[in-house]
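Chemist: Before I ask anything, here is the structure I am working with.
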Amino acid sequence: MIEDGRRVPTTSGVIAVANLQAQVDGLVARLPTARFARTALSSPAVAERALLVDLLILRGQVSGRITDYESAAALAEALVRDAPDESTSWLVRARTRAIFHQFARTLADLDAAGRCGADRATVQAERAAILQAVGCYAEALALRRDAAQRRPDFAALGALAVLEAERGRVDRAERLFTQASHRYRGVSPFPLASLNFRRGLMWLGERDLTVARAWFRAAVTLVPAYAPALGHLAEVDAALGAREAAIGRLRRLAEFSDDPEYAAELAGVLRDAEQIQEAEHWRSIAASRYDELVLHHPEAYVDHAVEFWLTVGADQPKALRLASQSHASRAAQRLAMPHGDIPIV
């Protein structure tokens, strides 16, 4: 693709997704039949299972399927149980817990990984992501800048760009996004697609829909099946008046993904298009799935459910009850944080 006037060669996104699927299938096939039975693991076995966790997380990110995250979390739990002296076990469980916004537990796992000898730079990068997620931007910025100064590669500069974007420092973030893309040395399209997606989110937050759409389109050009970019591309299309294009994209996402965000967004666009019967169908699917996710993963999904019930779901009392639950959950997390100076905002 053309990135800032420069040709960035990567593997075809279609081939990369197929390869990812094949890798996951191959690793799953090598697991024992009693996958989560208690058993002592060698270091190579730990590394293989940790790789499977990371690949499941990646597949979940690309496809928009929460079940992949849940499978990764179950495997990571078993890994800590069976190899508690391996720092890799704690690192991969920290990553799965972060996905479900269990931030206090994530930081505790990172501390355990450090005690087991994990690479300091890796632990600090993971810790910076959590600090960023809970709104501790000053602390996260110190870690991100230190990493970028020590090793100004694609990963460090990209992470710093995303943080600056979240802080509203758009000019600075733009320079860092460009620098990061110029430092990319891999052939996988996934990291660049993710970087373009985050750049699109920044411009969406700035309400520059044209530029946002260009970066979401760039992400999809790299990985045509990239669900988050497709979803936001549909959002921008709807806002720009291309309603039928948005509906087409969202239908495909809602049919494949188990993330209710796509069904909810589709219901809203269909309702605006006065296609009431189909809108109600997808609204009902989203409602059921949000109820399920709030029950099993409240920290990660209650806020999304509140937004749904306030808008497409059209149940303000339920939204207010869930908002109260969210506030209580955040207060409990704040008390449970291993570092008392880290707030949950």
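The values are calculated or read from the model by the stated rules, or taken from the named source; none is laboratory data. Everything quoted here is computed from the prediction, not taken from an experiment. All Cβ positions, glycine included, derive from the backbone under ideal geometry; neighbour counts span all protein chains shown. Just the protein is used for accessible areas: all its heavy atoms, side chains included, with ligands, DNA and RNA removed. Shrake-Rupley method; radii C 1.70, N 1.55, O 1.52, S 1.80 Å.
Chemist: Suppose the Debye formula is applied to equal point scatterers at every Cα of the stretch 19-117; what is log10 I(q)/I(0) at q = 0.18, 0.25 Å⁻¹?
Modeler: Summing over Cα pairs of the stretch 19-117 leads to -0.79, -1.38.
Chemist: Using a 1.4 angstrom probe on the protein heavy atoms only, line up Arg105, Arg172 by accessible area, largest first. Don't skip to the end; give the middle numbers.
Modeler: On the way: Arg105 130, Arg172 85 Å².
Ranked from most to least accessible, the order is Arg105, Arg172.
Chemist: Next up: By accessible area of protein heavy atoms, probe 1.4 Å, what ranking do Trp215, Trp309 get, highest first?
Modeler: If we order Trp215, Trp309 from most to least accessible, we get Trp215, Trp309.
Chemist: Given a 1.4 angstrom probe, I'd like the percentage of the accessible area of the chain that is carbon and sulfur, rounded to a whole number.
Modeler: Working: 8780 of 16410 Å².
Carbon plus sulfur share of accessible area: 53 percent.
Chemist: I need the Debye-formula profile for the chain: one equal scatterer per C-alpha, no solvent, reported as log10 I(q)/I(0) at q = 0.07, 0.08, 0.12, 0.13 1/Å, two decimals.
Modeler: -0.31, -0.41, -0.98, -1.17
Chemist: Any idea what log10 I(q)/I(0) is at q = 0.16, 0.17, 0.19 Å⁻¹ for the stretch 78-171, Debye with uniform C-alpha scatterers and no solvent?
Modeler: Values, matching the q order: -0.65, -0.72, -0.87.
Chemist: Quick one: Kirkwood hydrodynamic radius for the stretch 67-132, alpha-carbon pairs, angstrom, one decimal?
Modeler: Roughly 11.5 Å, rounded to one decimal.
Chemist: Return the Rg/Rh ratio of the stretch 271-313 with Cα-based radii and a Kirkwood Rh. Numbers along the way, then the final one.
Modeler: Working: Rg = 11.3 Å, Rh = 10.8 Å.
Looking at the stretch 271-313, the ratio lands at 1.05.
Chemist: Just the accessible area per residue of the chain, please: how many Å² with a 1.4 Å probe? The partial results should precede the final answer.
Modeler: Values: 16410 Å² over 345 residues.
I get 48 Å² per residue for this part.
Chemist: Something else now. With the crude spin-label approximation of a point 7 Å out along Cα→Cβ, what separation in nm comes out for Ala242 versus Ala142?
Modeler: Between Ala242 and Ala142, the label points sit 4.5 nm apart.
Chemist: Can I ask one more? How much solvent-accessible surface does Phe154 expose, in Å² to the nearest 10, with a 1.4 Å probe and all protein chains in place?
Modeler: Counting only protein heavy atoms, the figure is 40 Å².
Chemist: Here's another thing I want to ask about it. Roughly how big is the chain's charge dipole about its Cα centre, with Cβ charges of +1 (Lys, Arg) and -1 (Asp, Glu), in debye to the nearest 20?
Modeler: 860
Chemist: Restricting the calculation to Cα positions, tell me the Rg (one decimal) and the Dmax (whole number) of the stretch 220-303 in Å.
Modeler: Over the stretch 220-303's Cα set, Rg and Dmax evaluate to 12.9, 37 Å.
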